[in-house]
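The values are calculated or read from the model by the stated rules, or taken from the named source; none is laboratory data. What you see is a predicted model, and the numbers here were worked out from it, not measured in a lab. Positions of Cβ are generated from backbone atoms using ideal geometry, with glycine treated the same way; all protein chains shown enter the neighbour counts. With ligands, DNA and RNA removed, areas are computed over all heavy atoms of the protein, side chains included. Shrake-Rupley method; radii C 1.70, N 1.55, O 1.52, S 1.80 Å.
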Amino acid sequence: MPKVLRNTLLSARDLLATAGPFLLLALALLVVAYWVLDPTPPRKVVLATGVDQGAYAEFGKRYVQFLQQHGITVELRPTNGAAENLRLLRDPASGVDIAFVQGGADERDRRPAEEEEDSLVSLGSLFYEPVWIFYREDSAKRLLKADSLTSLAQLPGWKLNIGARGSGVPNLMRRLLEANKVDTDTITLLRNPQTPAVQGLLEGNIDAVTFASAPESVMVQMLLQTPGIKLFSFSQADAYSRRFAFLSPVTLPRGVVDLAADMPPADVHLVAPTATLVARQGTHPALIQLFVQAAQQIHGEAGWFQRKGDFPSIKGTERPVADEAQRFYAKGPPFLQRFLPFWLANLVDRMWVALLSIVAILIPLSRVLPPLYEFRIRSRVFRWYGRLRVVEDAQGQRPATELLKELDDIERSVEQVSVPLSYADELYALRSHIQLVRGRLEVARTPP
């Protein structure tokens, strides 16, 4: 091996040995910070949606596509609706992380004290879910002797499907009927799932069906254009919104379904709870950030009941908004995501405070590295001075021939010592001192 390369490798070894503990400490601090902050989100998340062909199911597919672009797999969990979604979120063994929840769907009326104990947080409101009550025109003529149903108080005697168990609609309808002082025993309440209920309505076995859904729902689109099926108009929509904080009055504009056919032929007043994304309180902040970004892309456009930019929003949420979601609504997406991939931008965004703290700790410690390196190199030379001193002190006490032989051993060993060029003067000084001692021993060995 050439001597230059050998010296270079030795210098690198010395530098590594000196800085090794420092690097290990920095690595240990990084590992601890990474473990505490947990900046990398899980690669899989379970999203509870709703019934097949419902709005939640359709929107869930869009969330799958959005998060897949960032390496996150979204498993969709079909359910009967918002009430079941809430039960799954509150059950640690269900595996559900995030779910669509309709306003007013909770099976229990939560008090302020219970809100603090609830382990769920909101990611923001997404869209209006109008309460659609579709009824048969011939049922109105038969039961009311009129062409239209004009009030919920007229429902006694009707066969009304309010949705399957687990849906949020039964709880919502219970509150609306109570507000109208309607005894539910006077109504034949059915709990069929959405598809069989619509089929029963079309066949005449059911007088009316009710469900809460976004207008993108396939069933809503179909029933709005079905002859003989009418949509109930909440003429008291403003009054309902005053009685129930989770309801908003919305209007289905004339002709919005089909301008050419002028459907509907007049404005229809509806009441609408707000659909929200709800997550467990311990959901990873990076996942929350991604879901809120997805919500902005999926629900941010104009629709039948909202203008562009109205959603997503922190307004109209029944639960406290997650900190990461509040940060998004206040400041928008993280700045670094405009230039870096999500995983890298998220890592830097969540680790930069810890990195600055680690640097603040390591900078003072780094000042001891140059003295340590210098001590390591010079000790390679200075340790031979100890043996040279022993030989020099033994002059006159031991035979000069024996001391010269020991001095030869020291000199051969010193020839194998390699130091960086900046410390070569120390090595040459040692060699000259060896020759100085040798000269004295030669004089002592030569007879006068």
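Here residue 239 meets the list (1) open to solvent by less than 30 Å² (accessible area, probe 1.4 Å); (2) more than 33 Å from the chain's Cα centre (by Cα) almost entirely, failing just condition (1). Would you call residue 267 open to solvent by 50 Å² or more (accessible area, probe 1.4 Å), modelled with pLDDT of 85 or more and closer than 17 Å to residue 248 by Cα? Yes; evaluated as a whole, the condition is true for this residue. The lone criterion from (1) modelled with pLDDT of 85 or more; (2) surrounded by 13 or more Cβ atoms within 10 Å (Cβ to Cβ) left unmet by residue 33 is number (1).
Name the residues in region 83-101 that are open to solvent by less than 40 Å² (accessible area, probe 1.4 Å), part of a helix (DSSP H, G or I) and free of Cβ contacts under 8 Å to residues at least 60 places away in the same chain, would you?
Residue satisfying the conditions is 88 alone.
Here is a list: 295, 330. Which entry is at pLDDT 85 or above and open to solvent by 40 Å² or more (accessible area, probe 1.4 Å)? From the options 295, 330, the qualifying one is 330.
The set of residues from region 60-70 being open to solvent by less than 40 Å² (accessible area, probe 1.4 Å) and more than 23 Å from residue 129 (Cα to Cα) comprises just one member, 67.
Every residue, every condition in (1) surrounded by fewer than 16 Cβ atoms within 10 Å (Cβ to Cβ); (2) part of a strand (DSSP E or B); (3) in contact with a strand residue (DSSP E or B) (Cβ under 8 Å, 6 or more places away or on another chain), yes or no:
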{"position": "260", "(1), (2), (3)": "yes, no, no"}
{"position": "290", "(1), (2), (3)": "no, no, no"}
{"position": "305", "(1), (2), (3)": "no, no, yes"}
{"position": "309", "(1), (2), (3)": "yes, no, no"}
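For beta carbons closer than 7 Å, sequence separation of 6+ or different chains, a first residue in region 430-443 that is touching a residue at least 12 places away in the same chain (Cβ under 8 Å) and under 10 Å from residue 392 (Cα atoms) and a second that is open to solvent by 40 Å² or more (accessible area, probe 1.4 Å) and not in a helix (DSSP H, G or I), the qualifying pairs are 440/395; 441/395.
Picking from residues in region 124-148 that are of a type in the set (D, E, K, R) and under 18 Å from residue 225 (Cα atoms), the one that is modelled with the lowest pLDDT is 147.
Quick check on residue 91: is it modelled with pLDDT of 90 or more and acidic (Asp, Glu)? So residue 91 fits the description; yes. Regarding region 264-274, can at least one residue be identified that is touching a residue at least 12 places away in the same chain (Cβ under 8 Å), of a type in the set (A, V, I, L, M) and not in a strand (DSSP E or B)? Yes, that holds for at least one residue.
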